[in-house]
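K.L.:
First the structure, which I've put down as structure tokens, then a few questions once you've had a look.
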Amino acid sequence: MTKTKEIEIGYVIEVSGDRAVVELTVDTTSPLEGDYYPGQPGSHIKIPFRELNIIGIVARIRQLDITPSTKPNQEVAGETVSKKVAECLLIGTLSDKGQFGRGVAVYPNVGQKVKMVGTEELKEIFSEFISQDFSFATLAQSESQRAFLHVDRFFGRHIAILGTTGCGKSCTVASILQKTIDKYPYAHILVIDLHGEYATAFPENTLLIEADKVELPYWLLNFEEFQDLAVDINEFTARNQITGLRDALLQARQKTDDSEKLGLGNAVTVDSPIYFDLKEMLQQIRGLNTQMVPGTKVEKQGPLYGVFDRFLIRFDSKINDPRFRFMFSPTRYSGNASLPQLLSEHLSINTSKEMTIIDLSGIPFEAVGVVVSVVSRIVYEFNFWNPKRSEFPILMVFEEAHNYIPNRPEAKFSAAKTAVERLAKEGRKYGIGVIVVSQRPKELSETVISQCNTFIAMRLTNPDDQNYVRRLVPDSLAGLMEMLPSLRTGEALILGDSVVMPTRVLIDLPCPEPRSSDVKFAENWAKDIKNLDVDHIVKRWRARRKDL
């Protein structure tokens, strides 16, 4: 061991479960080695015990002023003494052979010496996953040391990236994905890009489905997604509308099975991804809505007469809305034969691409939930029925997930919430990993976030969100969460089985960067903008095309 590894910084004065309180006996304002300041929150300490070193992380430091009590016949109390005390989380054990393991087999005792963890020991600790050769960050307290992750645990057990706006979430996502496709040339990644930020970060090896070229045909929607589009569950006739829609949808798919001789027979369900003629289905519903049946003397109104009035108004409105052309006027995916092509493009199969980005910035907000639902569901169904799923892992990235996977009942997002929650709960068994990104974790589906095993927690300033994230992590790590409001831009706490230990890191800056940086108000307001073509902006706006 080098000399720097054996610098003593204090001794244990209290041990309680998973933490130890250390009285520091050195100057905390001067570095001992490099940037190692004793007692700095996030720094590492070791407690030698037998042939082991118990490793801890400083979570909190404070100064105690202790005044000795007066003795009998003593009028004046003793002189006040100040002590610097650090609260440390005990997280693992380093053997004499340099092997680190999570958990503490033998706890330290009061009075035992506490020493600093030197640079070489940090390398030994964080070398556990070095064979994976996958890293997108360095240690915040030692920027020469890479933070390596276990790839299978990282992507296979779901990831939550949480932080307030402007903290670097988009750059973090871009950095992770850039490192992934650089290292793994046959990756299969699908990104739901709500604001069109990621196109600039991936100019190559990526299929970008631009906002005005997104196409998810209506016949891919399942029954619940159709219901979200056209049924208002608060209406008195909603139950009858749902029943009529289910019957019409099933019959429409069965008709295609018969006419195209697909040979599916009884296997056809209301959710089967089978093309059908939408106009014919709606015509059937219109017939039910105006049906007259024989009465005792004259015809009378049928059982569903007038039930679909509002349903049809809503549906016709969406069909005629140019913003919904991507769904109701498909041009590329207009038949059963086009489904394999859609799946191949979206899942990077035989395309020489490693990732697909779906830009939803031009999709009407009321349709975002349905789009997310359809995409999530077809990815799940694809690998569910894929006999080689174990050889075909898929990663799905949900940007600004709280907008369409809310932690509250909301009819227009119920299908999206159901689909993504199923991915989070069952996707791991079918080789599907999930990254959810949110600036409001408290508003994100609790089911989804509770299934995440790795948390990349960035700066959070909202007290409600801070408290919510604290409840997501083990009680032993709650002290580390106190750092969240003061993290720098691009700095994060990584917690979970994919990292050696809970770690404060600096995320590598992606190159190129996503289009998510803050606008420079001061710089741009200090000069006049030249030749701003308002007519051109209006033309793009009216045409809903960014490529004009």
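K.L.:
Kindly write out, for the range 225-230 in residue order, the coupling ³J(HN,Hα) from the Karplus curve 6.51 cos²θ - 1.76 cosθ + 1.60 (θ = phi - 60°), rounded to whole Hz, with x marking Gly and Pro.
P.N.:
The phi angles translate into 5, 4, 4, 4, 6, 10 Hz.
K.L.:
Where does each of 264, 360, 506 land when they are ranked from fewest to most other beta-carbon atoms within 10 angstrom?
P.N.:
Arranged by neighbour count, lowest to highest, 264, 360, 506 become 264, 506, 360.
K.L.:
When the scattering of the chain is computed by the Debye formula from its Cα atoms alone, each counted once and equally, what is log10 I(q)/I(0) at q = 0.06, 0.08, 0.12 Å⁻¹?
P.N.:
For the chain at q = 0.06, 0.08, 0.12 Å⁻¹, log10 I(q)/I(0) is -0.41, -0.66, -1.15.
K.L.:
While we're on this one: In the range 282-359, which trypsin sites (Lys or Arg not before Pro) are in a loop and have at most 14 other Cβ atoms within 10 Å, using DSSP for the loop call?
P.N.:
297, 332
K.L.:
Could you tally the net charge around residue 189, taking each other residue with its Cβ under 11 Å from the Cβ of residue 189, Lys/Arg +1 and Asp/Glu -1?
P.N.:
With Lys, Arg at +1 and Asp, Glu at -1, the net is 0.
K.L.:
Please name which of 195, 205, 184 has its Cα lying farthest along the dipole of the range 175-215 towards the positive end, using unit charges on Cβ (Lys, Arg +1; Asp, Glu -1) and the Cα centre as origin.
P.N.:
184
K.L.:
Right, another one. With a 10 Å Cβ neighbour count serving as the proxy for reagent exposure, in which order, fewest first, do 158, 536, 346 appear?
P.N.:
With the sparsest Cβ surroundings first, the list reads 536, 346, 158.
K.L.:
While we're on this one: Would you calculate, for the chain, the mean residue ellipticity at 222 nm contributed by helices, counting each DSSP H stretch of 4 or more residues as -39,500 (n - 2.57) and dividing by all residues, to the nearest 500?
P.N.:
-8500 deg cm²/dmol
K.L.:
While we're on this one: Have a look at the DSSP beta bridges in the range 379-531 and tell me what percent are antiparallel, nearest 5.
P.N.:
60 percent
K.L.:
Run through the DSSP bridge list for the chain and note the antiparallel percent, rounded to the nearest 5.
P.N.:
Bridges in the chain are about 70 percent antiparallel.
K.L.:
Continuing with this model, one more query. Where does each of 193, 18 land when they are ranked from fewest to most other beta-carbon atoms within 10 angstrom?
P.N.:
18, 193
K.L.:
Just to confirm the filter: which GluC sites (Glu not before Pro) across the range 370-417 are DSSP coil and have at most 14 other Cβ within 10 angstrom of their Cβ?
P.N.:
Those satisfying the criteria are 410.
K.L.:
I would also like to ask the following. Return the Rg/Rh value of the range 3-125, two decimal places, where both radii are evaluated on C-alpha atoms and Rh is the Kirkwood radius.
P.N.:
Answer for the range 3-125: 1.06.
K.L.:
In the chain, once you exclude exposed chymotrypsin sites (Phe, Trp or Tyr not before Pro) (DSSP loop, at most 10 other Cβ within 10 angstrom), what's the longest stretch remaining?
P.N.:
Of all site-free stretches, the longest is 1-185.
K.L.:
How many angstrom lie between the C-alpha centres of the range 191-218 and the range 323-348?
P.N.:
So the separation of the two Cα centres works out to 15 Å.
Only the coordinates and a few stated rules stand behind these numbers; no lab work does. Everything numeric here is computed off the predicted structure, so don't read it as measured data. Cβ: placed from backbone, ideal geometry, glycine included. Neighbour counts: every protein chain shown.
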